[in-house]
1. What residue, among those in the range B:139-170 that are within 14 Å of chain A (Cβ to nearest Cβ) and farther than 22 Å from B:Cys283 by Cα, is surrounded by the fewest Cβ atoms within 10 Å (Cβ to Cβ)?
2. Give me the residue from the range B:199-228 that is surrounded by fewer than 18 Cβ atoms within 10 Å (Cβ to Cβ) and either more than 14 Å from B:Pro123 (Cα to Cα) or of a type in the set (Lys, Arg) (or both) and, out of that set, farthest from the chain's Cα centre (by Cα).
3. Can you tell me which residue is farthest from the other protein chains (Cβ to nearest Cβ) among those in the range B:84-99 that are surrounded by fewer than 24 Cβ atoms within 10 Å (Cβ to Cβ) and over 16 Å from B:Met305 (Cα atoms)?
4. So, of the residues in the range B:52-70 that are modelled with pLDDT of 95 or more and over 18 Å from B:Ile285 (Cβ atoms), which turns out to be farthest from the other protein chains (Cβ to nearest Cβ)?
5. Please tell me if A:Ser28 is of a type in the set (Ser, Thr, Tyr), within 13 Å of chain B (Cβ to nearest Cβ) and in contact with an Asp or Glu (Cβ under 9 Å, 6 or more places away or on another chain).
6. Kindly indicate whether any position in the range B:255-263 is touching a residue at least 24 places away in the same chain (Cβ under 8 Å), more than 30 Å from B:Asn93 (Cβ to Cβ) and not assigned by TED's automatic domain parsing to the domain that holds B:Ser100.
7. Mind checking which residues of the range A:54-79 are more than 14 Å from chain B (Cβ to nearest Cβ), outside any helix (DSSP H, G or I), without any contact (Cβ under 8 Å) to a residue 24 or more places away in the chain and not hydrophobic (A, V, I, L, M, F, W, C)?
8. Of all residues being at the interface with another protein chain (Cβ under 10 Å from one of its Cβ atoms) and farther than 18 Å from B:Gly218 by Cα in the range B:108-121, which is surrounded by the most Cβ atoms within 10 Å (Cβ to Cβ)? Just the residue, please.
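The values are calculated or read from the model by the stated rules, or taken from the named source; none is laboratory data. No experiment lies behind these values; they were computed from the predicted model shown. Here the Cβ positions follow ideal geometry from the backbone for every residue, glycine too, while neighbour counts run over all protein chains shown.
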Amino acid sequence: MAADRPAILDIVRRHLAEILEIDAVQISEMQSFRDDLGADSIALIELVDSLEQEFSASLPDFQFDDDDLEGLVTVGDAVDYVVRAHGG
Amino acid sequence: MLPVAVDAMGGDRAPGEILAGSLQASESGIPVVLVGPEGLDGTGGLPLIPASEVIEMHDDPAKSVRTKRDSTLVRAAEAVRDGKASAMISAGNTGATMASALLRMGRISGVARPAIATPVPVPGGSPTVLLDAGANAEVQAEWLVQFAQMGAVYSSRRFGVSNPRIGLLSIGEEPGKGDTLRKEAWELLSATNGMDFIGNVEGRDLMTGDVDVVVTDGFTGNVVLKTLEGSLKAVVKALFSAFGQPEYSDAANTLMPALLPLYETLDPDTYGGAILLGVDGVCIISHGSSSARAILNGIRCAKEMVETDMVGAIRDAIAGTV
C-alpha cells in the first residue's frame, strides 16, 4: 500500500487527541510528545497500541518495535514510522 | 457475578499470601479466578487463567505491558476486558497494573487520566479518599476536577458518604495559597456545579474526618501516602515498645481492648488497597507487601465496586460535565 503521509498524520493526530483529551487542531508534526503535549510514557504506549490496531487492516503485521519507542520524540517521528512501514 | 481475577504472582509475598487470601474470599462466597502459571501449587482448586510471564517490581511499567503480553497482569486485565472476570486485583508493580488496566480495559470516555484513589484511615469515621496517589506525577488543573468527581463517586459507593466534601491539598486554607496549579484548580473546583468543594485543605486534615475526598497530583499524593504510612508505623511501634515495659503491663492490658480496634482501623490491610479510577473496569491495586487479609479485603472491595456499578456511576458523573 502506498503511503499517504497527510492521511497518516491525520490519523495519528486523531488518536493522540483522543488519548490526551485535547483538540486535534492543537497537534502539529513538530511537537514533542513529552515536552509540548505533556504525553507520558503510558500515553505514548496508548498511542502505539491504538495505531497498531488502526493499521492492522491495511498492514496485518504492522507493529512498533519496542526498541524503537525511545526514538519516537515528536508527532512527526510516529508518522514517519507508520509511513516507512507502509513502504513510504 | 463474574469472578474477580487475582494476579497470583504479584507482590512481595506472592504467591503464598495471594493464594491464601483468594481461597478465603472464595470460601466466603466470592467467585475468584486466579491468573498465574499452569501447574501453580496451592490453588486449592480455584480456577486458573494461564499466564507464563510475570512483570517484576523493577520492570518498566509501560514497556513491560508490551514486552510481556502473556504476563499475569496483562492476562488479568484482558479477562476483565473479555468478560471473563468482573474485576482485577494485583499486589504487583503498581505502574504496570495501571498500564495493563488502561491499555486493556480502556479509559472511561471523557476521562483525561486515570488516578489511583487510596483510603486514608480516620479513627472513628469514614476513611478519607486521597487521589491521585501516584498514577500521574504531573497533572493539569482540569484533571484535578475530574479526580474530585471520580473520588466523590468512590467515597459514596465505597464508604456510603452521601455528599462527599472535596478538598484541594495545598499549603494553607486560603484560596490564594499554593502554586499556580493549586490556584488554577481552586478556581475550577469552585466553579464546578454538583460537588461540595470546601476549599484548600492541608496534610494535617487528612485523618480528621473534616474532608471526605482530597485531590492532588500523583507525586504529592504518593509522598503524602508514604509519609503517613511511615508515621503510623513509627507511632504503633513506639506504643507497643512503651507498653512492653514491665511497669506498664497492667495499663497495657487494660487499654488493649480499646487499642486493637483502633489498630485495625489504621492498618492498610483493612482496606485491601487502592483503586484505579477512570478505567473502564474495576482494578484494585494492593500494597506490594499485601498479606492474605489484605488480598481478601481487596477482593471484597472489588466485589462491592462491581455490585454498586461504580464504573457506571463515574461514567455518568464525567458525562455530565464534558
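1. Selected residue: B:Glu142.
2. B:Gly199
3. Among those that are surrounded by fewer than 24 Cβ atoms within 10 Å (Cβ to Cβ) and over 16 Å from B:Met305 (Cα atoms), it is B:Lys84.
4. B:Ser52
5. The answer is no for A:Ser28.
6. Going through the range B:255-263, the residues touching a residue at least 24 places away in the same chain (Cβ under 8 Å) turn out to be B:262-263.
Pick out the ones that are also more than 30 Å from B:Asn93 (Cβ to Cβ) and you get B:262.
Next, only the ones that are not assigned by TED's automatic domain parsing to the domain that holds B:Ser100 stay: B:262.
Yes, the range B:255-263 contains a residue that is touching a residue at least 24 places away in the same chain (Cβ under 8 Å), more than 30 Å from B:Asn93 (Cβ to Cβ) and not assigned by TED's automatic domain parsing to the domain that holds B:Ser100.
7. Within the range A:54-79, A:Ser56, A:Pro60, A:Asp61 qualify.
8. Here the residue is B:Gly110.
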